[in-house]
Structure formats: structure tokens, C-alpha cells
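Structure first, then comments.
What follows draws every value from the coordinates through simple rules; no lab data is involved. Small disclaimer: the values here were computed from a predicted structure and weren't measured. Cβ: placed from backbone, ideal geometry, glycine included. Neighbour counts: every protein chain shown.
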Amino acid sequence: MFGQIIFFWIFKNLLWDSTFAIVIFITVLKTLINGINGGEDSNHQKCKKIKVDKNWLFVDFNYHALHHMFPDRYFGSLVKLYDYVAGTAICLRQKKVGIIGPCSDIESLILRKLSVTERLSSDVVIVNTEGNNEDLAFLKGIDVLILNETEKAKEYIECFLRQNSERLYPPDIWHFQDINKKNITVAQREDCVYRRILIDKNSIEYVDRFVFLLQRDFRILPMISITSYIAHMLG
């Protein structure tokens, strides 16, 4: 509050006197209301777990809570415009990755790229899909789960989330889907950030685009040409 008052006092000559007084009044009133509410406001509320922020533009307390956990990310206070411009709408620093099934060439290239640009952990757990669900116990503590198109995608996701049900904030699930095959799509939910990654035989050309969109928290990431994406959406 005091910082805001000092700022407006320095630049008060740029404002009308009445406008300056109104701004100071609103600032003081807002601070008093926050104090009466125990420090809670639209960005600061008590919660046991952080849920997925589903609003693409405005910031809620779930999104802002991530800024307190990762101070160099999630800067938006009212809207997410700065994070979209700067690419700070996601934090992958030292996050651990789990892959169900073999790691494809495109996935391997993405992980190497993110280990440089976002300091993603090189500690990758690969689970054999030929085994049973007991193998998924190795995914406990994983931050990012990578899935390929599979009929058991929903089953794997449920098992993974049960293994990590005590997390303070939601894990990421990256579901790679070949647009030329029939795929199972999972609905967005509050306990994980589900991302659809659309690929085809030329996806290796679009790794930089994938990183750009991921840094801006896109939930659908097309690693395909624009014409292929439009045809896929219309189809």
C-alpha cells in the first residue's frame, strides 16, 4: 500500500488532484478490506491444494499461488498478458518426466530442448506398457506424464493421478496424438493440466513452435502445419 501511495505522490502532477485523491482513497480502502478479511483477496485465498486455472485471460488465486511457489514465473496479477508475452506462464525447472511406453524421437528431441530452455530435469522414468498397473507405481513423484495415443489413456491417467493425489499443485499430462489415427481425448479437469499435442510425420519441424506455445500455457499444441491443423479441426 505504502509503495503505491509513494508512486502516486511522485507522479501526482500527471493526474488531476481529484483523481489522485480518489486513487489514494481506493488504495487505502482496499488494503483495509484485505486486512479485515485476514489478508484474503481475489489473488490470496486459503486452500489445501492448488487447482488448475481454467481462465485463459484473467488471473485467479490458483494461478497467483503458483507465483508464490515459482517467483520467476506466473507474474500476472489481474490478467496474464505479461506471461503470454514473456513466456512465463509455465515452470518446468527441475520437473521430473514419466513416459508410458517407448520414448519416440520427437519426444526425445522435445525433452532435450526443454532441458536447455526451461531446465527440465533429465531424470526420465519410462514405464513398460506391456506390464500391469503395478508398474505405474514408479510414476509417483512425477511432474510431467507423457502419453502416446492409446486405448488405455484414461486408465493410465487415473492411475497416475492416484499415485500423485497428495501433490500441492496439479501435474502436467502431455498426450501426443497422431492426427492420422483415431484418438481418445480426455476432458480438462481440476487435478491435472491436460495438454493435447497434435503430431504427424513432419512434426519434428515444429519443435520450436511447441516450446513457444508451451511457455504460454497452451492446452492444445499443434506440431503440424496450419493447413493440417485446420483440416483436423474441421474434420
Using each residue's phi in the range 166-183, evaluate 6.51 cos²θ - 1.76 cosθ + 1.60 at θ = phi - 60° and report the 3J(HN,Hα) Karplus result to the nearest Hz, with x for Gly and Pro. 8, 4, 6, 10, x, x, 9, 10, 9, 9, 7, 10, 6, 5, 8, 10, 6, 10
With contacts defined as alpha carbon pairs under 8 Å and 6 or more residues apart, what's the relative contact order of the range 124-235 in percent? 20 percent
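Run the numbers for residue 105 and residue 48: contour at 0.36 nm per residue of separation, minus the present Cα-Cα distance, in nm.
16.6 nm
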Given labels modelled 7 Å from the Cα in the Cβ direction, how far is it in nm from residue 55 to residue 229? 2.6 nm
What fraction, in whole percent, of alpha-carbon pairs in the range 42-89 exceed 12 Å separation? 57 percent
Give the lysines reachable from residue 113 as a straight Cα distance under 16 Å; neighbours fewer than 8 places away on the same chain don't count. 95, 96
In the neighbourhood of residue 147 defined by beta carbon distances under 13 Å, the net charge of the other residues (Lys, Arg +1; Asp, Glu -1) is -3
Here the range 64-71 yields Karplus 3J(HN,Hα) values (6.51, -1.76, 1.60; θ = phi - 60°; whole Hz; Gly and Pro given as x) of 5, 4, 5, 5, 5, 7, 10, x
J(HN,Hα) series, the range 219-230, from Karplus relation 6.51 cos²θ - 1.76 cosθ + 1.60, nearest Hz, glycine and proline x: 9, 10, 10, x, 9, 9, 5, 4, 5, 5, 5, 5
Separation of the residue 191 and residue 75 label points, Cα + 7 Å toward Cβ, nm: 3.5 nm
Cα centroid of the range 84-127 to Cα centroid of the range 142-173, whole Å: 15 Å
Filtered GluC sites (Glu not before Pro), the range 45-144: DSSP coil and at most 14 other beta carbons within 10 Å: 130
One finds, for residue 113 and residue 219 with R0 = 22 angstrom and r their Cβ-Cβ distance, a FRET efficiency to the nearest 0.05 of 0.65
If the cut-off is a Cα-Cα distance under 19 Å, which lysines reach residue 46, setting aside same-chain residues fewer than 8 apart in sequence? 30, 54
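Filter the chymotrypsin sites (Phe, Trp or Tyr not before Pro) in the range 144-174 down to the DSSP loop ones having no more than 15 other Cβ atoms within 10 Å, then list what survives.
Passing both the DSSP loop test and the Cβ count: no residue.
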What percentages make up the Cα-Cα pair-distance distribution of the range 97-219 when the bins are 10 Å wide from 0? 12, 47, 36, 5
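Express the relative contact order of the range 75-170 as a whole percentage, based on alpha carbon pairs under 8 Å and six or more residues apart in sequence.
Working: 106 pairs, mean separation 27.5, N = 96.
Relative contact order of the range 75-170: 29 percent.
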Under 14 Å from the Cα of residue 140, which aspartates and glutamates turn up, not counting those fewer than eight places away in the same chain? 123, 158, 166, 172
